[in-house]
């Protein structure tokens, strides 16, 4: 699999459009939601978990496990904390703000 | 064999769920649903990735299952144990983890390619992937170390291990530090160039991690108290950008889409915070303000009042506006404030809360604290709307707020010039609960304290609120 210039420009296009989309989506947010929005968006930035999963796919045999896989493992732990903790905490805050509790999270 | 396009469709659905989730998170009614959609999108992305790994041949499940299980357990414990008052620190910590994970994924990919001798020849692929690895590293490490510093600043300090001694976290930033930061940033970019020149060499990529990690620390270290909401939301934005760059590293669109949306959302919040302080982002980041600058010398005095006096003034008040600030968070007096509101309301008085956008240490800090104390969110009124209400208000109760109420901001001079403030001085009577007459973060003496209609209750927020509540009950 080699990356062509065309594919790269395609990815950059997605990148630029998504930034504009982000600006449009939340141009007006009430202050009550500033913290939950931040913490919910933060949980979504844990999407890097996908990369951590792919790179954690390695044989694990004690001392011989390579450095790349160990780093990916650390990344996976951090990303999972970010995702699980982030969505749960956001849910908790929103439950209080809306005055009712909901089941959920990740 | 499953057609690889199936996985791409799965990721596309996941990205759509994130888009709808963020959209719904920006309105109070739909926000819980938005959060659930985001969580579903994430679950789908994880399931698709695992299914893809399974069909393409898994080398070993140990690290994958172990990482997911350990991370989920830690995340669950942290989220369930946190108190609302500890929320700013926890959000900062999670944010740092997200950035750190992105940086580590980039680093791991680089090392794996070096190990497997899978380094492309000079050309688009080499440049694109190595630049992406470098950028996800710079942004990711800055996010990690910057967020950790921010977390300790929000906590106020840390305990030295084994000794149990509490140390206040310093805010330190002489002006020459800006030159150091610039050099570190430039050398980080130079190191990306080096990794492209010698892609099989480990040294450069580790040096990059070191220089950008140090940059993150020096970047947040000089930024003090009231500027924290700006920094916290900026770091939030950076964690998204790091994830987007990681998407380029592993060639995955869902990372690029989700990451850049989070980046944009965080940036919007950052600008909202800057606007609420009438400061430019550049000034917040590179110019020391208040904390290390000159402070007004206090030349005036004011006689403190006692809770009984204040209770008598409050007796029969028809309309009370509470103005909370960081002091309410520090003294954790939100429950006492709610009890006060309940007492006043039982006599037919209307109680509203005036929320300045940068009150506290993170965006929406006051809202979260008051929500924890079960204050209905309809009572929390934004600055622009509440300001016209102050002239009709019998008593304005300021608890632990200072700069956000300082009329000096209207004069157009000094550090606070032009900052939008709450018009507390227009209320009929002003009651201020504060430890002393000391200046706020901006270092400007507050005329509000010395007005004839102002009553000062000197003391800890929670203690004074409780005494005030006691006096109201005794009437």
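The values are calculated or read from the model by the stated rules, or taken from the named source; none is laboratory data. Quick caveat: nothing in here was measured; it's all calculated off a predicted structure. Here Cβ is always computed from backbone atoms with ideal geometry, including for glycine, and neighbour counts include all displayed protein chains.
Some points to look at:
- In region B:51-58 there is at least one residue that is at positive phi and either assigned to a loop (DSSP other than H, G, I, E, B) or within 7 Å of chain A (Cβ to nearest Cβ) (or both).
- Lone qualifier among B:368, B:358, B:322, B:330 - being part of a helix (DSSP H, G or I) and buried (at least 22 other Cβ atoms within 10 Å of the Cβ): B:368
- Selection from region B:106-134 of residues that are closer than 12 Å to residue A:71 by Cβ and surrounded by fewer than 17 Cβ atoms within 10 Å (Cβ to Cβ): B:115
- Residue match in region B:114-124 (condition: in a helix (DSSP H, G or I), farther than 19 Å from residue A:57 by Cα and more than 7 Å from chain A (Cβ to nearest Cβ)): no
Here is a yes/no grid of residues against (1) modelled with pLDDT of 95 or more; (2) under 16 Å from the mean Cα position of the chain (by Cα); (3) surrounded by fewer than 20 Cβ atoms within 10 Å (Cβ to Cβ):
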position	(1), (2), (3)
A:7	no, no, yes
A:27	no, no, yes
A:58	no, no, no
A:63	no, no, yes
A:67	no, no, yes
A:83	yes, yes, no
A:94	no, no, no
A:98	no, no, yes
A:103	no, no, yes
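Table: residues versus (1) within 18 Å of residue A:72 (Cα to Cα); (2) over 31 Å from the mean Cα position of the chain (by Cα).
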position	(1), (2)
B:58	yes, yes
B:82	no, no
B:85	no, no
B:94	yes, no
B:100	yes, no
B:105	yes, no
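- For region B:113-129, the criterion of a residue being within 28 Å of residue B:235 (Cβ to Cβ) and outside the structural domain of residue B:9 (by TED's automatic domain parsing) is satisfied by at least one position.
- If you go through region B:222-234 and keep only what is closer than 25 Å to residue A:52 by Cα and either modelled with pLDDT of 95 or more or surrounded by fewer than 24 Cβ atoms within 10 Å (Cβ to Cβ) (or both), you end up with nothing.
- Among the residues making up region B:380-414, those that are exposed (fewer than 14 other Cβ atoms within 10 Å of the Cβ) and either under 26 Å from the mean Cα position of the chain (by Cα) or outside the structural domain of residue B:337 (by TED's automatic domain parsing) (or both) are B:384, B:385.
- Selection from region B:250-277 of residues that are more than 15 Å from residue B:95 (Cβ to Cβ), within 7 Å of chain A (Cβ to nearest Cβ) and assigned to a helix (DSSP H, G or I): B:250, B:253, B:254, B:255, B:256, B:257, B:260, B:261, B:264, B:268
- Test for residue B:312: is it under 24 Å from residue B:459 (Cα atoms), surrounded by fewer than 23 Cβ atoms within 10 Å (Cβ to Cβ), outside the structural domain of residue B:128 (by TED's automatic domain parsing) and at pLDDT 90 or above: yes
- Those residues of region B:415-459 which are touching a helix residue (DSSP H, G or I) at 6+ places or on another chain (Cβ under 6 Å) and surrounded by fewer than 17 Cβ atoms within 10 Å (Cβ to Cβ), in sequence order: B:426, B:447
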